[in-house]
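Asker: Below are the structure tokens for one structure; questions will follow.
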Amino acid sequence: MTKTRRPRLVAFTAAVVALVFLAPYVVMVLDSLRTSTDVKTTPPSFLPRVWQWDTYATVIGDGRFPHWLLTSLLVSLGATAVVVVVAIPAAYMTARHRFPGRGVFLLVVLVTQMFAPTSLVVGLYRQFFELNMINTYGALIITNAAFNLAFAIWILHGFFSSIPLEVEEAAALDGVGRVGMLRRIMLPLTLPGLVTATIFTFIAAWNEYVVALTLMIDDDKKPLTVGFRSYVTGYEQNWDQLFAASVIAVVPVVILFAVIEKHLVGGLTAGSVK
């Protein structure tokens, strides 16, 4: 293969792969602009037979939608804040200090990442029922934070471990305390890892479905992922509104990802090159 044809083949392959991943989103947008009857018509058409532009206004005007959006924001931001606050000192201590049980602690943290929320949902319901926390935002925040804490601790542990000890020793000679050293020196140096942990936790909490479906009872307290189900039931099937709500739900995540994409890529590829 000549050198001129190889880049073209790579570009063509990349374009095909990109189209495969973009196809579901294109279908979702087009279906949000069809009538609900057109969505179910066989054989399907690529473009809507009748363009229906007011579906998004109908969804946004739905009185339940702001409550679902608020719940998703509260749970996602709350879980992310808990993960960041807990993971930073845990990762810093395990990376910089040797203490009895350190290896066991990191292993236990890693093991918690191996359990899918679906396998624990019955136990979680029983536990929160005993604590009288069914149908509360706190239950979802705690659950989402717990399921994403292991990833945050491990990725920050790697970043803290990669910083030379001489940096801290120089700061200590200048009279910087332990807390000031962590806040003013270590955290800025681990910013890519912190951003990566933050965005992954936010997206995981935003997209979580099974636990929210089990714990949240009131229709107004459900997050977006669960609230969408009410558009398609055994009594009414508003497929156009379901797809329009799905498109709206994707927008905050896409904006967040675009804003911090540079730090996210840096965090994921850190340590790959010596």
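Asker: Just to verify a number: what accessible area does E166 come out at with the full protein assembly present, 1.4 Å probe, Å² rounded to tens?
Answerer: Using a 1.4 Å probe on the heavy atoms, I get roughly 120 Å².
Asker: Working with all protein chains in place, sort K40, K221 by solvent-accessible area computed with a 1.4 Å probe, largest first.
Answerer: Numbers: K40 105, K221 65 Å².
From most exposed to least exposed: K40, K221.
Asker: Just to verify a number: what accessible area does R49 come out at with the full protein assembly present, 1.4 Å probe, Å² rounded to tens?
Answerer: Per-residue accessible area (R49): approximately 130 Å².
Asker: Put +1 on the Cβ of every Lys and Arg and -1 on every Asp and Glu Cβ in the chain; which of A81, P48, G101 then has its Cα farthest towards the positive end of the dipole?
Answerer: It is G101, whose Cα lies furthest towards the positive end.
Asker: Mean Kyte-Doolittle hydropathy of 0.0 or higher plus an axial Cα length of 30 Å or more: which whole DSSP H helices in the chain meet both?
Answerer: Working: long enough: 5-32 (40 Å, 1.36); 65-96 (46 Å, 1.47); 137-162 (37 Å, 1.31); 239-259 (31 Å, 2.11).
Long hydrophobic helices here: 5-32, 65-96, 137-162, 239-259.
Asker: A follow-up question, please. So, R0 is 30 Å and r is the distance between the beta-carbons of N132 and V111; what FRET efficiency does that work out to, to 0.05?
Answerer: Values: r = 29 Å, r/R0 = 0.96.
Efficiency, rounded to the nearest 0.05: 0.55.
Asker: Wrap a convex hull around the Cα atoms of the chain, take a quarter of its surface area, and give that in square nanometres.
Answerer: 21.8 nm²
Asker: Can I ask one more? Take every Cα-Cα pair in the stretch 219-258 and report what % of them are more than 14 Å apart. Mind showing how you got there, number by number?
Answerer: Values: 408 of 780 pairs.
Looking at the stretch 219-258, the distances longer than 14 Å represent 52 percent of pairs.
Asker: Moving on to the next point. Picking from A204, G234, G61, whose Cα lies most toward the positive end of the charge dipole for the chain (charges on Cβ: Lys, Arg +1; Asp, Glu -1)?
Answerer: It is A204, whose Cα lies furthest towards the positive end.
Asker: Using a 10 angstrom cutoff on alpha carbons, build the Gaussian network for the chain and name the most mobile of A95, A15, A79.
Answerer: A15
Asker: In addition: Report, in debye and to the nearest 20, how large the dipole of the chain comes out about its Cα centre when Lys and Arg carry +1 and Asp and Glu carry -1 on their Cβ.
Answerer: Values: 20 positive and 16 negative charges, 211 e Å.
That gives the chain a dipole magnitude of about 1020 debye.
Asker: Roughly speaking, what is the centre-to-centre gap between the stretch 39-71 and the stretch 134-162 when only Cα atoms are used, to the nearest Å?
Answerer: Measuring centre to centre over Cα atoms gives 34 Å.
Asker: For the chain, with the dipole built from +1 on Lys and Arg beta-carbon atoms and -1 on Asp and Glu ones, taken about the Cα centre, which of M186, S32, N148 lies farthest toward the positive end?
Answerer: Selected residue: M186.
Asker: Viscosity 1.567 mPa s, temperature 4 °C: Stokes-Einstein D of the stretch 1-128 from its Kirkwood Cα radius, in µm² per second?
Answerer: Working: Rh = 21.1 Å.
For these conditions, the coefficient is 61 µm²/s.
Asker: With just the Cα atoms of the stretch 76-199, tell me how far they stretch along each of the three principal axes, in Å, largest first.
Answerer: 52, 28, 23 Å, listed from the longest principal axis down.
The values are calculated or read from the model by the stated rules, or taken from the named source; none is laboratory data. Remember, it's a predicted structure, so these values are computed and weren't measured experimentally. Glycine also receives a Cβ, built like all others from the backbone with ideal geometry; neighbour counts cover every protein chain displayed. In case anyone asks, the SASA skips ligands and DNA or RNA and just uses the protein heavy atoms, side chains included. Shrake-Rupley method; radii C 1.70, N 1.55, O 1.52, S 1.80 Å.
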